[in-house]
Amino acid sequence: MAASTVFADCCWVARPFRGLHLRRTLLLSSRFNNRMFLSSSVFAPVAMTTDTSSKLLDGKSVAKKIRDEIAIEIDKIKETTGIVPGLAVILVGSRKDSQTYVRNKKKACEDVGIASYEANLPEDCSEEEVIEHISQFNTNPSVHGILVQLPLPRHMHEEKILNAVIIEKDVDGFHPLNIGRLAMQGRDPLFVPCTPKGCIELLRRYEIEIKGKRAVVIGRSNIVGMPAALLLQRANATVTMVHSYTKNPEEITKQADIVISAAGVANLVRGSWLKPGAVVIDVGINPVDDPESARGYRLVGDVCFDEASEVVSAITPVPGGVGPMTIAMLLSNTLSSAKRLHKLK
Ligand code: GUN
């Protein structure tokens, strides 16, 4: 994996955000009601204060708890109905990062009792071949969720391929109808995209109130930034999006009580960008050169963690923050899909 040294350390002076090409992050996840989310389980709540000690929002252990809850529910369903929830993953090409993500998803499925189905297609396959696999999974009654790992090879039309997934099995929540419903008041998507859903679930489990808060989302990708902003808005936050053309990102971000950063730029958000007591969810997973690591690189977030920890009331680590939550939400969406398709409570 090619690592970038840009913004590798917080002491680097970040280039102005404007004009930066926001690459897709390496992650490249009723009204806003609990039905979309999982049964409530509270981790120690976080008060937004100006205290300088910040709290770690431990996505890894919250995700573990969610996976345990899902495993128990799946066991019960299997015992009482014989139904086994199933997730199909389609991987096109041989990107190392995508292969790792797919492997992790498969392992997580196995651990909770979800059957996984896989289609691995070569980089140079046609769109028709991908769509043919999707069609087979669409009609396979053992498959309750279908995920096409992104990004797709350049020659493929992403929209055309994602639209081929039937909305009832769109556990990624990327179908235009799901996204459209997410954006509209009084409409409910069947599925919410996993990474933004994981961000909100993490806030919810730590009892961090969203209603009435000022929130800033950095980055406007279809996978994270845009749906994260919609979810925050549904939860009655006042939401601003910061992106590569925003003139004064630091000034805007500094007004936020809640910051979700999904820019895919290592250490972009400095301590000076953050309001004292804010809550920060760092979605970025960016490789930076690290000769001391056996792999030659390490992963850092979009937020300069050491600086931010001095200022904010709570922050997610990278790794161990949003990443595990994304996978937990995928399992949750697959379980809900199986329940809905089989009309189980
Ligand atoms: N690539 C990076 N993140 C995601 C995701 O949440 N879903 C899919 N399908 N591909 C991704």
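The values are calculated or read from the model by the stated rules, or taken from the named source; none is laboratory data. Computed from a prediction, not measured in an experiment: that's the story for all the values here. All Cβ positions, glycine included, derive from the backbone under ideal geometry; neighbour counts span all protein chains shown. Accessible surface areas use protein heavy atoms only, side chains included; no ligands, DNA or RNA. Shrake-Rupley method; radii C 1.70, N 1.55, O 1.52, S 1.80 Å.
Of note:
- Flag for Glu207 being outside any strand (DSSP E or B), at pLDDT 95 or above, open to solvent by 50 Å² or more (accessible area, probe 1.4 Å) and within 28 Å of Pro141 (Cβ to Cβ): no
- Residue selected from region 230-253 under the condition among the aliphatic types (A, V, I, L, M) and either away from the ligand (no atom under 16 Å from the Cβ) or open to solvent by 70 Å² or more (accessible area, probe 1.4 Å) (or both), by the criterion farthest from the chain's Cα centre (by Cα): Ile252
- Sole residue being within 16 Å of the ligand (Cβ to nearest atom), buried (at least 19 other Cβ atoms within 10 Å of the Cβ) and over 25 Å from Asp170 (Cβ atoms), chosen from Val259, Val279, Val283, Val318: Val318
- Condition broken by Arg220, with the remaining ones in (1) over 20 Å from Val279 (Cβ atoms); (2) crowded, with 24+ Cβ neighbours inside 10 Å satisfied: (2)
Residue by residue, here is whether (1) within 20 Å of the chain's Cα centre (by Cα); (2) over 22 Å from Gly198 (Cβ atoms) holds:
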position: Gly284; (1), (2): yes, no
position: Pro291; (1), (2): no, yes
position: Leu299; (1), (2): yes, no
position: Ala308; (1), (2): no, no
position: Thr316; (1), (2): yes, no
position: Gly320; (1), (2): yes, no
